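K.L.:
Pasting in a structure now, in structure tokens, and then I'll have a few things to ask.
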Amino acid sequence: MISILLIFQILSYVKSTIIYQNDYEPRVFDHIPSNCYDCLSYRDIILTQLTDVPARSFANFHLGSRDTYMILNGQIKLTLHPYAFQSFIIDKPNKTLTITFAAPNSWLNITENIFNGLELHSYSTLRIVIKFFYGITFHKNSLSGIKMARHSHLILDISSVTEVYFENHIIKENDFNSSIDFLFSRTDTILFDSYSFAHLNIQSNQIISFQFELISHIYLKSYAFKSLQLQSASSFRFYSIFLNRLTIEPYTFDQLFLDSDSIFNFTIRTLGTCLCLKSYSFNNLHTKPSSDNVLILFQFHTLRGLSFLSNTFFNLSLYNSKNQLRILANNPFNDANPMINFAKETFSTTNFGSILLNFSEVTVVRFEKDSLKTDYLTHQIYFKGISLIDLSALNANFIQKKFHLSFDNIRYVKWYEYISKEKNFNNQIEYHLKYLSNSSCLIYSASRSIPWIFSNSNLTTCNCPLLYAYKHGQLDGQLIPCLRSISGYKAGEQMNRCDFDRIKIECQSKIDLLTNFNTTNETSTIGLNSNEIDNSLIRQLYDKNYLSCSFNYSALPSTILIRSRLLNNFGLVFGIILGIFILLLIVVMGLLNGLQYKMREYDETWTWRRNMSWTTLRRTISQTSLRRSRRDLRTISSHVHFCCLYNRLDLLKLFVEDGECDILMNNADGWLPLHIAVYLGYMDIVDYLLECMKIYQIRI
């Protein structure tokens, strides 16, 4: 009896869990159903021909625990009324509900309190997709009132829209209690109005990100992200790729506050124009006084100019050296960034902290007077692949904290002025020298009262810069294998061949020609890493209009600013050219082959071939056995061989009986007509030839 009850319970459970085929088919309505209890447990739903979405439209929807897709398709336009999603409960642990709004060529207004009352339970994900609208406006408090449980996730995905406009105060303070992703793609203009995301408070272990892809213009107005707060172990990400233009007004990120282990990440990849960070763009950037391991990260890849105006980071307060402001800028090898400029008092602070700057593949890097706050902040600056570094406005006498400069493949440096009695107090300043080419003018005017620390990449070859450092005692205490392997006499000979006085004068003359803007004489062009620099280019890059990103790029005559990305895709271009060449070669060979057969058609020994049916000839040629013996076409020496080759018994009888052709004649390969017929399997011709041989009384 117990076993029967157990079997009955198992059958009942199996019956209750059966998923029919129709459960995977979408449910389509031309209206919003008033009561949809469990109608979406295993189905997707499509609501078409909608015009209005009234309040509490989805209060009675129970969507189950699986991934669900719901499409709201407007007929002409789609109007969302306040509290449209009130009491809409999303409880899908580790699953996603995707709601798609679509109404082509219309304007979508996300008005106040549309999502107010929507409940997103723990570990559930809500993805709101908005696409194919002419424009979208997020009004005041349009995203406020969403009840987000811990570890829930909200994704706002906007694509294929002409314009997106965020009005002021679209959220209230402490509205977002969990991670949120704003995704934008294939959009023309995105405008963040003043105070649009003001007082955004990112809780601990929470991530809020803004990601942009294929955007024409992003405009951030003043105070758009005012009073942005990052609690401990939280993260704010502003990431953009393939952006044409970015405008950041002063005070955009005013009063930015960060706690321990928090990360502020501002990343721009592939920007079509110059990026100008205006004065007070990051005003009052503070970390908590007792915080540590705070990272403020700026990453710029493939730009056409980067300019930090005066007081970009005004009243910067990092409080200790464990909190770091890091700025990274790099470009591809054949597409260098024209200019990176730090204006006067870019970093304004009265507190301690750490700054790391890392620049690679740039034409000119320039620091104006007092651009680096060397009396409070420690600096680590890395240069790689730079044509010209202008440090002339730097005053080394005011450096009181650690100041380390690392040079890798640098051509010219316009050094700061120093006096002969200059001393490196407390050994705060260090020069780290990596790769130095023989033509580099880096060290000939550098201060010799500062330690020069060479890396292993410079120790294999004793070139002129390394010998210059050896001559002036800058290699004391450093292991230099190339110098240990040669004698002092040979080292002296190499120094004489270098002629340091001549090199120093030439380097100083070239630097003066590049940076002297008082003369109008033409100067020679100097190349580095496929980039050409001259006095005209440097003059344009130092122009205030260029540094404020209001320069007319089309007026630049220098080839460095007229960019071609052809060399960046050299492998693809070479593959295309090779493919075209192979295709043309095949066509030419085909034409020549056809011409050869056409000439054979009019040859005297082949003229009778035109009397043969072309249909029969093509059918015969298509046979597999004949394709294996096509070479015999060039070795036929009699009409009998030809008849055996093409299975023409009628012609063979005509030639043998009336024309008295010899059936024992060999062709050029030594084959008899009988051999060809046997090889090709033409048994009628084989029997006929054997019969003829019997008549002639020939023994095989």
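The values are calculated or read from the model by the stated rules, or taken from the named source; none is laboratory data. These numbers come from a predicted model, not from an experiment. Please note: Cβ atoms are built from the backbone with ideal geometry, for glycine as well, and neighbour counts cover all protein chains shown. Just so you know, the surface numbers come from the protein's heavy atoms only, side chains and all, with ligands and any DNA or RNA stripped out. Shrake-Rupley method; radii C 1.70, N 1.55, O 1.52, S 1.80 Å.
K.L.:
Rounded, prolate or oblate: which fits the stretch 68-121, taking a ≥ b ≥ c as square roots of the Cα gyration tensor eigenvalues, rounded meaning a/c under 1.5, else prolate when a/b beats b/c?
P.N.:
It comes out oblate by the Cα gyration axes.
K.L.:
Ok, one more. Is the stretch 143-192 best put as rounded, prolate or oblate by its Cα gyration tensor, with a ≥ b ≥ c the root eigenvalues, rounded for a/c under 1.5, and otherwise prolate when a/b is larger than b/c, oblate when not?
P.N.:
Verdict is oblate for the stretch 143-192.
K.L.:
Ranked highest first by the average count of other Cβ atoms within 10 Å around their residues, in what order do 473-483, 355-365 fall?
P.N.:
Working: 473-483: 13.2, 355-365: 21.7.
Highest-to-lowest ranking by the protection proxy: 355-365, 473-483.
K.L.:
Here is a follow-up. How much length would be gained if the chain were fully extended between residue 679 and residue 209, taking 0.36 nm per residue of separation minus their Cα-Cα distance, in nm to one decimal?
P.N.:
Full extension from residue 679 to residue 209 adds 161.5 nm.
K.L.:
In the stretch 121-247, if the dipole is taken from +1 on Lys/Arg beta carbons and -1 on Asp/Glu beta carbons about the Cα centre, which of 244, 168, 144 is farthest to the positive end?
P.N.:
Checked the options; the winner is 144.
K.L.:
Once the Cβ-Cβ distance between residue 321 and residue 397 is put in as r, and R0 is 22 Å, what FRET efficiency do you end up with, to the nearest 0.05? Don't skip to the end; give the middle numbers.
P.N.:
Details: r = 22 Å, r/R0 = 1.01.
Computed FRET efficiency for residue 321 and residue 397: 0.50.
K.L.:
While we're here: Any idea how far apart residue 666 and residue 517 come out in nm if each label point goes 7 Å out from Cα toward Cβ?
P.N.:
If labels sit at residue 666 and residue 517, their model points lie 9.4 nm apart.
K.L.:
Pulled fully out, how much extra length does the chain show between residue 494 and residue 186, if you take 0.36 nm times their separation in residues and subtract their Cα-Cα distance? Mind showing how you got there, number by number?
P.N.:
On the way: separation 308, 0.36 × 308 = 110.88 nm, distance 6.02 nm.
Extra length available between residue 494 and residue 186 comes to 104.9 nm.
K.L.:
If you take the beta carbon distance between residue 369 and residue 437 as r and set R0 to 25 Å, what does 1/(1 + (r/R0)^6) give as a FRET efficiency, to the nearest 0.05?
P.N.:
Using R0 = 25 Å, I get an efficiency of 0.25.
K.L.:
May I pose another question? Sketch the reach of a paramagnetic label on residue 149 as a point 7 Å from Cα along Cα-to-Cβ, and name the residues of the stretch 101-123 whose backbone nitrogen lies under 17 Å away.
P.N.:
117-123
K.L.:
If you place +1 on the Cβ of every Lys and Arg and -1 on the Cβ of every Asp and Glu, how big does the dipole about the Cα centre of the stretch 65-183 come out, in debye to the nearest 20?
P.N.:
The calculation lands at about 260 debye.
K.L.:
With every protein chain in place, what's the accessible area of residue 472 (1.4 Å probe, Å², nearest 10)?
P.N.:
Per-residue accessible area (residue 472): approximately 70 Å².
K.L.:
Still on this model: Between their Cα atoms, which of 221/402; 322/434; 226/434; 510/544; 77/140; 344/471 are more than 32 Å away from each other?
P.N.:
The pairs that break the limit, which is 32 Å between Cα atoms, are 221/402; 226/434; 344/471.
K.L.:
Which order do you get for 506, 430 if you rank them by accessible area with a 1.4 Å probe, largest at the top? Please list the in-between numbers first.
P.N.:
On the way: 506 80, 430 40 Å².
Reading off the accessible areas and sorting them downward yields 506, 430.
K.L.:
Compute the relative contact order of the stretch 97-183 as a whole-number percentage, counting only Cα pairs closer than 8 Å that sit 6 or more residues apart in sequence.
P.N.:
Relative contact order of the stretch 97-183: 32 percent.
K.L.:
Next question. Run the dipole for the stretch 197-296 about the Cα centre, Lys and Arg Cβ at +1, Asp and Glu Cβ at -1, nothing else charged, and hand back the magnitude in debye, nearest 20.
P.N.:
The calculated dipole for the stretch 197-296 is roughly 280 debye.
K.L.:
I would also like to ask the following. Just grab the label-to-label distance for residue 479 and residue 545, each label 7 Å out from Cα along the Cβ direction, in nm (one decimal).
P.N.:
Using points 7 Å along Cα→Cβ, the separation is 5.7 nm.
K.L.:
Working out 0.36 nm times the residue gap between residue 134 and residue 501, then minus their Cα-Cα distance, what length gain in nm do you get to one decimal?
P.N.:
Going from the current span to full extension adds 125.3 nm.
K.L.:
Given labels modelled 7 Å from the Cα in the Cβ direction, how far is it in nm from residue 650 to residue 586?
P.N.:
It is 4.0 nm.
K.L.:
Right, here's the next one. Report ³J(HN,Hα) in whole Hz for each residue of the stretch 199-215, in order, from the Karplus equation J = 6.51 cos²θ - 1.76 cosθ + 1.60 where θ = phi - 60°; Gly and Pro get x.
P.N.:
Values, residue by residue: 6, 6, 10, 9, 6, 4, 6, 10, 10, 10, 10, 10, 10, 10, 9, 6, 10 Hz.
K.L.:
I've got another one for you. Determine ³J(HN,Hα), in whole Hz, for all residues of the stretch 581-586 in sequence, where each value follows from phi through the Karplus function 6.51 cos²θ - 1.76 cosθ + 1.60 and θ = phi - 60°; x replaces Gly and Pro.
P.N.:
For the stretch 581-586, the Karplus curve yields 5, 5, 4, 5, 5, 5 Hz.
K.L.:
Can you list the residues of the stretch 315-355 with backbone N under 20 Å from a point 7 Å past the Cα of residue 232, pointing along Cα to Cβ?
P.N.:
Zone members listed by number: 318-324.
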